[in-house]
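Down below is the structure, laid out as structure tokens.
The values are calculated or read from the model by the stated rules, or taken from the named source; none is laboratory data. Here the structure is a predicted model, which means the values were calculated and not measured. Because the Cβ atoms are built from the backbone with ideal geometry, glycine has one as well, and the counts that use them run over all protein chains shown.
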Amino acid sequence: MELNDLEQQRAEKLARLIAAGHDPYPARVTRTHTNAAAFAAFEAAESAESDPPTVTVTGRLVGLRVMGKASFAHIEDGSARLQLFIRQNELDDETYALFKKEFDLGDFVQASGPLMRTRSGEISVQVQALQLLAKAITPLPIPKEYTDEQGQRTRYSAFSDVEERYRQRYADLAVNPEVREVFRTRARMISALRGWLDSQGYLEVETPVLQPIYGGAAARPFVTYHNQLKQELYLRISFELYLKRLLVGMYERVYEIGRDFRNEGVSHKHNPEFTQLELYCAYTDLEGMMDTAEQLIVYTAQTALGTQQLTYQGQEIDLTPPWPRRTLQEIIETGTGIDYTAYPDADALRAEMRRRGYQAATNATWGHLVDNLLSEVEPTLLQPTFVYRYPVEISPLAKQCADDPTHVERFELFVAGMEMGNAFTELNDPFEQERRFEQQGRAEAAGDEEAHPMDEDYLRALKYGMPPNGGFGLGVDRLAMLFTDRHTIREVLLYPHLRSKDKESV
């Protein structure tokens, strides 16, 4: 490995430690208390007026004040930050000398001794034994802190290049506690989603990631190849068709939380690999899915955050039910002035959109033009809103409205100007589904790269009989953005996809 000057200095310290007979990466560690548990144990002993406990704690050195015969350090583990009070007369001369000369910020250490309060009142370990657990060769970036006249402390990111935070997430997590909290919140959120569904009798299942036919959404797939089977396969873009096959198999409520993969653009709310929750429930419909989505998300917010009132990018968001339910026609007409149902073909709608200053591609179908109009309105939908009744042309898996065959029973859920979820009264007529697939095939032949492919096996499953049902898909990453007040999806993915460093940025 090539080392810079600072890394070389630390490597030399490592060599000196080894030469002195110390293992800088020991295989065994002793810990009696986490840092948080040490605080609790001391406070309990203090309340009981008993002798302070002796502990062995571990953590990363995050603060270091080396003086003459007494030094102070802070270590941080996964629970808290704890001060070490290190005096030469409590350690042997060699250990104290090695500590002063060879230990650095970022090193992992183990310290033993009784707990105490310093003169300033800080709970600390009076160190009687000290051992290096892992030598840090590369210095961690140091976050910058500023304290104003009122004593309010502001912490700035340690990375001058924000993208390096994502490339080196391990270092980002090590120096930014608030980033660690984002992913703790995400974990609580996913646990709450799962807990609510389990309590409602949903069965968690797993469906194939590698699929011979992709489907369940309008998206381009990633393509791969199985050498042994000599078979082209696709990374899934949705769980939908596999989950609905399970309804045919007599499960009535199923769900999956997992990764989907879509070969599409990257933006502040799109990543090629993302986490999705999809659930399907027999003997319900679109309205039942609205109730389900509302209850699920409200429960998750209350469980993970303790509140239904959120702040997202300066906007107050109130998740208190019931949420408004508005038709797509109403939403678009209110936001753009265009009643798209008054323009029943693509050419007429395209002309009206252009007349009002909206972009309208020459090769776009009527359904896609309607979807483009919705995109214009989407940023204004701040409070949770169900938008329902979509064109059949862009909803090949949903059941048609009884009073209007050009539209289907579908909703999208919007919060904070983002689409959070998508739901249908699911189509269970195999002959109509076949006609929809054939229409999608014609769209693909006309140049639609996101058209849904024909799936003969899914049609075969439908012919065995699928109960009436409703389905709902929730973007887990976007919900995490909302719950943690993060503007970009990269902030809520531990390892977001990034452009290669040797490629020009766009």
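Quick notes
- All positions within the range 1-42 that are outside any loop (DSSP other than H, G, I, E, B), among the charged types (D, E, K, R) and free of Cβ contacts under 8 Å to residues at least 24 places away in the same chain: Asp5, Glu12
- Candidate set from the range 82-132 (those that are among the hydrophobic types (A, V, I, L, M, F, W, C) and in a loop (DSSP other than H, G, I, E, B)); member that is farthest from the chain's Cα centre (by Cα): Leu91
- Test for Asn422: is it within 24 Å of Leu243 (Cβ to Cβ) and either in a strand (DSSP E or B) or of a type in the set (Asp, Glu) (or both): yes
- Condition met for Glu444 (more than 30 Å from the chain's Cα centre (by Cα) and closer than 20 Å to Ile237 by Cβ): yes
- Near pairs, Cβ below 6 angstrom, 6+ apart or cross-chain, from the range 63-78 (within 21 Å of Ala36 (Cβ to Cβ)) to any residue that is modelled with pLDDT of 95 or more and outside any strand (DSSP E or B): Asp77/Thr34; Asp77/Asn35
- Verdict on Ala187 being in contact (Cβ under 8 Å) with a residue 12 or more places away in the chain, out of contact with any Pro (no Cβ under 9 Å at 6 or more places or on another chain) and assigned by TED's automatic domain parsing to the domain that holds Thr303: no
- Remark: Gly470 matches the filter, which requires a residue to be closer than 17 Å to Asn422 by Cα and at pLDDT 95 or above.
- If you go through the range 331-377 and keep only what is without any contact (Cβ under 8 Å) to a residue 24 or more places away in the chain and among the hydrophobic types (A, V, I, L, M, F, W, C), you end up with Ala342, Ala346, Ala348, Leu349, Ala351, Met353, Ala360, Ala361, Ala364.
- Among the residues of the range 363-395, those identified as in contact with a His (Cβ under 7 Å, 6 or more places away or on another chain) and either farther than 13 Å from Asn422 by Cα or outside the structural domain of Ile297 (by TED's automatic domain parsing) (or both) are Pro391, Val392.
- Restricting the range 139-166 to residues that are farther than 28 Å from Lys13 by Cα, assigned to a helix (DSSP H, G or I) and out of contact with any Lys or Arg (no Cβ under 8 Å at 6 or more places or on another chain), the residue that is modelled with the highest pLDDT: Glu163
- Of all residues making up the range 43-67, the number that are of a type outside the set (Asp, Glu) and at positive phi: 1
- Filter result for the condition that a residue is in a strand (DSSP E or B), at pLDDT below 95 and among the small types (Gly, Ala, Ser), over Gly63, Gly59: Gly63
- Only one of Leu243, Leu173, Leu203 that is crowded, with 20+ Cβ neighbours inside 10 Å and among the aliphatic types (A, V, I, L, M): Leu243
- Meeting the requirement of 3 or more residues that are surrounded by 18 or more Cβ atoms within 10 Å (Cβ to Cβ), the strands (runs of 3 or more DSSP E) wholly within the range 263-352 are 273-282.
- A single entry from Pro221, Pro208, Pro212 fulfils the requirement of being within 25 Å of the chain's Cα centre (by Cα) and without any contact (Cβ under 8 Å) to a residue 40 or more places away in the chain: Pro208.
- Checking every residue in the range 396-403 against the condition of being surrounded by fewer than 17 Cβ atoms within 10 Å (Cβ to Cβ), at pLDDT 95 or above and touching a helix residue (DSSP H, G or I) at 6+ places or on another chain (Cβ under 7 Å) gives zero matches.
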